[in-house]
1. Of the residues G129, G105, G123, G110, which single one is of a type outside the set (K, R) and surrounded by 21 or more Cβ atoms within 10 Å (Cβ to Cβ)?
2. Starting from region 117-146, take each residue that is over 21 Å from S81 (Cβ atoms) and free of Cβ contacts under 8 Å to residues at least 60 places away in the same chain and list its partners that are assigned to a helix (DSSP H, G or I) and β-branched (V, I, T), counting only C-beta distances under 7 angstrom and pairs at least six apart or across chains.
3. Return the total of residues in region 249-285 being in a helix (DSSP H, G or I), surrounded by fewer than 16 Cβ atoms within 10 Å (Cβ to Cβ) and at pLDDT below 85.
4. Among all residue pairs at least 6 apart or on different chains, which show Cβ distances below 8 Å where the first residue, located in region 51-77, is assigned by TED's automatic domain parsing to the domain that holds F89 and the second is basic (K, R) and not in a loop (DSSP other than H, G, I, E, B)?
5. Can you tell me which residue among A145, A170, A219, A179 is under 30 Å from V93 (Cα atoms) and either modelled with pLDDT of 70 or more or surrounded by 14 or more Cβ atoms within 10 Å (Cβ to Cβ) (or both)?
Amino acid sequence: MARRTLLITYIAAYLLAVGGIIRTLIRFSDDRFWPIAILLGVYLVLLFSEPVFIRRDRLFTYLYLFVQTTIICAVAFLTPSVDFWAVLFCPLVVQAMHNFPQRTGFLITGIFTVVMSIFILLGLDPEVGLPLIFVYAVVYFLLAAFIAIIREAEAARRESQQQQADLQAAHRQLQTYTARAEQLAVLQERNRLARELHDSVTQSLYSLTLFTEAARHMAEEIGQESLEQYIQQIGIMGQQALKEMRLLIYELRPPELEREGLVRTLRKRLEAVEGRAGVEARLMADEFVKLPRDVEQELYRIAQEALNNALKHAAADSVIVYLRQSNGSLEMEIVDDGVGFNPEVIPDRGGMGMKSIRDRAEGIGGSVFIRSQPGEGTSVKVTVQLKTVQDRGSETGPKS
């Protein structure tokens, strides 16, 4: 709104000056016509070029105002009996108030008023000149005050926009801090649960397996085969529960994948879960390229899903995780020696997390090949083209 008002004021002041020039030229048809016309033509050229060329430099603006004032004085000297030239100061007042601080603008307006008053008193009688001086002085300072008000309104608008932008930025930052605080609270609660599970339930399950094993040996010595079978089944169930409890504890303490990297995180997982569960676990990794964060995240989740299946469902005694690079592709394969299954019997929409593995692989532009037979273990292989993941990394930006 303020910019539009300022533009309208500029246009009105320019039209007023053009009208005064036309009236001045109409009044003179003698030998003074051409000098006046040339001076007023130069005035108009400078007037309309000021917003484009002169305003860019404060020194040029001072020089411009001096030249324009000199032109107006020359016109006033050549036309002492005509006061139409006084309107030529109106657009200069607008320009001065727009381009300079208020104090400087009002000072320049005062100088214009003094120059106008001197030439009117020299060219007209006091009883005619003094009222004109008063009228023009009022017009000059009203224009100056109006431009000052517009500038203050524009400054207030910009300050309001800046405050609104700062407020929005602060709100976004507050949302970020709130989300981080919630994540920290969740992480602290999960760590607390993990400690409690480790200190209570896990120890109890471990003690259960020890007592069961001792009872089985006693039953074996006594010769109670049926009792021995029952106790052996209890021991198997206790060991399985212990495996799943250790897995749950590890999942409650999420690994720092961003800081550790995929290879180190997988190695820690195998040591913390499979190793403690009595499963022989190995990681066979080539020299590994640096992958985008979301790709490493999805690969880890795929490996985690396959390892969980091997631990909870396959009853595997050993598991190997391979990370290989060849022919511009990255392969991750998880192989176990568990009970296996028939992939054709297990539908893609359902069991053992196979659908989740396929969806995650497709999400990073990879493919999944699952090989398994009952009694022959399971192999889950994920293949991703390195160019695809590198292009993905360039789109999402560098890792922090």
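The values are calculated or read from the model by the stated rules, or taken from the named source; none is laboratory data. Every value quoted in this text rests on a predicted model; they were computed, and no experiment measured them. Because the Cβ atoms are built from the backbone with ideal geometry, glycine has one as well, and the counts that use them run over all protein chains shown.
1. Answer to the selection: G105.
2. Y140/V93; Y140/T109; Y140/T113; F141/T109; A144/V93; A144/T109
3. So the count comes out to 4.
4. T61/R55
5. One residue alone meets the criteria, A145.
This table checks each residue for (1) under 23 Å from V18 (Cβ atoms); (2) at pLDDT 90 or above; (3) not assigned by TED's automatic domain parsing to the domain that holds D57; (4) not hydrophobic (A, V, I, L, M, F, W, C).
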{"site": "F89", "(1), (2), (3), (4)": "yes, yes, no, no"}
{"site": "M97", "(1), (2), (3), (4)": "yes, yes, no, no"}
{"site": "Q102", "(1), (2), (3), (4)": "no, yes, no, yes"}
{"site": "L107", "(1), (2), (3), (4)": "no, yes, no, no"}
{"site": "L122", "(1), (2), (3), (4)": "no, no, no, no"}
{"site": "V128", "(1), (2), (3), (4)": "no, no, no, no"}
{"site": "V138", "(1), (2), (3), (4)": "yes, yes, no, no"}
